[in-house]
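Data first, discussion second: the structure below is written as structure tokens.
Computed from the coordinates by the stated procedures, all read-outs in this text should not be read as laboratory data. Quick caveat: nothing in here was measured; it's all calculated off a predicted structure. Quick reminder, even Gly has a Cβ in these numbers, built from the backbone with ideal geometry, and neighbours come from all protein chains shown.
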Amino acid sequence: MVFIAGIFAACEQTKQAREAGTTPAPQDNSVYNALHNKYTTVKLTADLTSLSDRQKQMIPLLIEVGKIMDELFWYEAYGKRDSLLGALTNDGAKRFVMINYGPWDRLANNKPFIEGVGDKPAGANFYPEDMTREEFESAEVEGKTSLYTFIRRDDTGSLIAIPYHEMFKDQVSRAAELLREAARLAENAELKKYLELRAEALLTDEYYESDMAWMDMKTNQLDIITGPIETYEDQLYGYKAAHETYVLVKDMKWSERLEKYATLLPGLQRGLPVPEVYKREEPGTDSQLAAFDVIYYAGDCNSGSKTIAVNLPNDEEVQLKKGTRRSQLKNAMRAKFDKILVPIAGELIAEEQRRHITFDAFFANTMFHEVAHGLGIKNTINKKGTVREALKDNASALEEGKADVLGLYMITRLHEQGEIQGELMDYYTTFMASIFRSVRFGASSAHGKANMIRFNFFKEQGAFARDAETGTYTIDFEKMQAAMNALSEKILILQGEGDYEGVSTLVAEKAMIQPELQNDLDRLADKGIPVDIVFEQGVGVLGLQQ
């Protein structure tokens, strides 16, 4: 099997490195204690009392699927897990490797924290390390830009594409069996159909039918998002999807409260602050908003900073036909608000504006970020293909930037229409505090680049002012609103034009953390405010039997 062969090759490489004297050297415990202090541990639980016995029996099966996806993501992110862990004698180093799925600190721009490993390859383990862009772009290889293929070399050294379901045959076969076993226990017909189709999708890399079935699910209380989904890990081209899993319990009451917002999407699309040609696509009318408690993270979503909301499916065809589901992960969101955002606001937001930091605003800002992914345009206006294809490795960063700023734009419009309650300043101030929270993840990821572009653009527009004496920030509401509109227009036009060079310039000029901001972020670390969370999770934490 190709996957196992890759592991043996990795072990041999590490053996050779050890013989050459280049084995990663462990650091002392104080170094790793400081690294671990970036995270605070959260016990991932939920109220399961409303679930039936059969639903509770399904959860361990779905968690086992997640463990398999975790294994696959390890290979995609690094590929040499066992050899790396075997070379380390420091337990702190091993734990931090596990958090980061490799020897690079995901909250510090992928800086190596193990000596001798070098920089993280932009293409992770999706491509040969010695492959150049020129070689890839000139190679005539069927499926080379597919979301679901690895690029490898054949015996002659030529590039080839290997489908995920072939590379991971044994693992996806086992995951499919578990999904089918869960389907046999499912009492909800919609969930049963989805699980069966998702099992088949893992075996074929054909996800359209299962994505459509997932969008048709409305009454299910249990859910699982699993498979190769997001392309953030591929920072070379943004082509390759990485494996992950969320196991979810739906909050039926909260979800019911959110349903009305999905019906407002077409009107919000028509009101976007750009010429008509950049908003001519109609978002799917089946778009959904739902609130969940997440009870298991695995793979991509569990690496580094933890996701607190999800907007899926990513398939543009599904989005245009069905829309998307914006899933708010309520328990994880609450943990980040209480343990991280409130302390940050207490340090960096001007005292007179701190009263505007509220969980309702944080929840809404996060939710409408996900809603905003469905707005704008998915296909370029000048026949360059989809926005994702045209913008390549910059596509994810710009899309995340669009969702951030359009989410705030939508809140502003809905507040004007009386659809959202509370002070509008709550949303703006909480939005600003959230930038500081997210910026601490570093500027290397798609989300990190989006955060810095927005922060520096807003700074140039005078959306906020920093008091040099107190080191706190005050929001100028009117200027922030103007900056929001201007950045929304800029991003939507860049996407519509498929302007790769324009986006590259934007990233180069603004996706960076300036010294003044870095000093403020360092203050947060000095105060012991964590950057993100790690989970104590699993069947035992939930009080279930395996």
Inset, instruction - With +1 on each Lys and Arg Cβ and -1 on each Asp and Glu Cβ, and nothing else charged, work out how big the dipole of the chain is about its Cα centre, in Debye to the nearest 20. - result: 920
Inset, instruction - Have a look at segment 251-531 and give its Rg and Dmax from the Cα atoms, expressed in angstrom. - result: 17.9, 54
Legend entry - Greater than 30 Å apart at Cα, pairs in Lys67/Lys527; Lys218/Lys510; Lys38/Lys193; Lys111/Lys339; Lys392/Lys527: Lys67/Lys527; Lys218/Lys510; Lys38/Lys193; Lys392/Lys527
Legend entry - For segment 430-472, convex hull volume per residue from C-alpha positions, Å³: 75
Legend entry - Per residue Cα convex hull volume in Å³ - calculated over segment 210-275: 159
Inset, instruction - Would you be so kind as to identify which of Gln545, Leu268, Ala390 lies farthest towards the positive end of the dipole of the chain, taking Lys and Arg as +1 and Asp and Glu as -1 on Cβ and the Cα centre as origin? - result: Gln545
Inset, instruction - For segment 142-152, just list the computed ³J(HN,Hα) in residue order, Karplus coefficients 6.51, -1.76 and 1.60, θ = phi - 60°, integers in Hz, with x standing in for Gly and Pro. - result: 5, x, 5, 9, 4, 5, 10, 9, 8, 9, 9
Legend entry - Distant-in-sequence amide H partners of Phe150 (H built 1.01 Å from N, under 5 Å): Ile162, Tyr164
Inset, instruction - Give me the distance in nm between label points sitting 7 Å out from Cα along the Cα-to-Cβ direction at Ser158 and Glu256, one decimal. - result: 6.2
Legend entry - Kirkwood-based shape ratio for segment 92-198, expressed as Rg/Rh from alpha carbons: 1.10
Legend entry - Simple Cβ-charge dipole of segment 34-157, Lys/Arg +1 and Asp/Glu -1, about Cα centre, in debye nearest 20: 760
Inset, instruction - Specify, per residue and in Å³, the volume enclosed by the convex hull of the alpha carbon atoms belonging to segment 394-489. - result: 102
Inset, instruction - Compute the length gained on full extension between Phe359 and Ala508: take 0.36 nm times their separation in residues and subtract their Cα-Cα distance, giving the result in nm to one decimal. - result: 50.3 nm
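List the equivalent ellipsoid semi-axes of segment 126-258 in whole Å, largest first, each obtained as the square root of 5λ for an eigenvalue λ of the Cα gyration tensor.
Output for segment 126-258: semi-axes of 35, 16, 11 Å.
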Inset, instruction - Would you compute the Debye intensity of the chain from its alpha-carbon atoms alone, equal scatterers and no solvent, and pass along log10 I(q)/I(0) at q = 0.06, 0.10 Å⁻¹ to two decimals? - result: -0.28, -0.83
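To the nearest 0.05, how large is the calculated FRET efficiency for Gln417 and Asn109 if R₀ is 41 Å and r is the Cβ-Cβ distance?
Efficiency at R0 = 41 Å is approximately 0.50.
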Legend entry - Electrostatic dipole magnitude of segment 251-531 [Cβ: Lys, Arg +1; Asp, Glu -1; Cα centre; debye, to 20]: 480
Inset, instruction - Once you have the Cα-Cα distance between Thr204 and Asn33, take 0.36 nm times their residue separation minus that, and quote the gain in nm to one decimal. - result: 57.2 nm
Inset, instruction - Just the number, please: percent antiparallel of the DSSP beta bridges in the chain, rounded to the nearest 5. - result: 75
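Given an 8 Å cut-off on Cα distances and at least 6 residues of separation, report the relative contact order of the chain as a percent.
Reported as a whole number, the value is 17 percent.
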Legend entry - Amide H within-cut-off set for Ile349, under 5 Å, with H built and near neighbours excluded: Tyr473
Inset, instruction - Quote the FRET efficiency, to the nearest 0.05, computed for Phe477 versus Ile381 with a Förster distance R0 of 35 Å and r equal to the Cβ-Cβ distance. - result: 0.55
Inset, instruction - Find how many whole Å separate the alpha carbon centroid of segment 431-451 from the alpha carbon centroid of segment 192-219. - result: 33
Inset, instruction - Could you work out the local net charge near Arg174, counting Lys and Arg as +1, Asp and Glu as -1, over the other residues with Cβ closer than 12 Å to its Cβ? - result: -2
Legend entry - Relative contact order of segment 251-531, defined on C-alpha pairs under 8 angstrom at six or more residues apart (%): 20
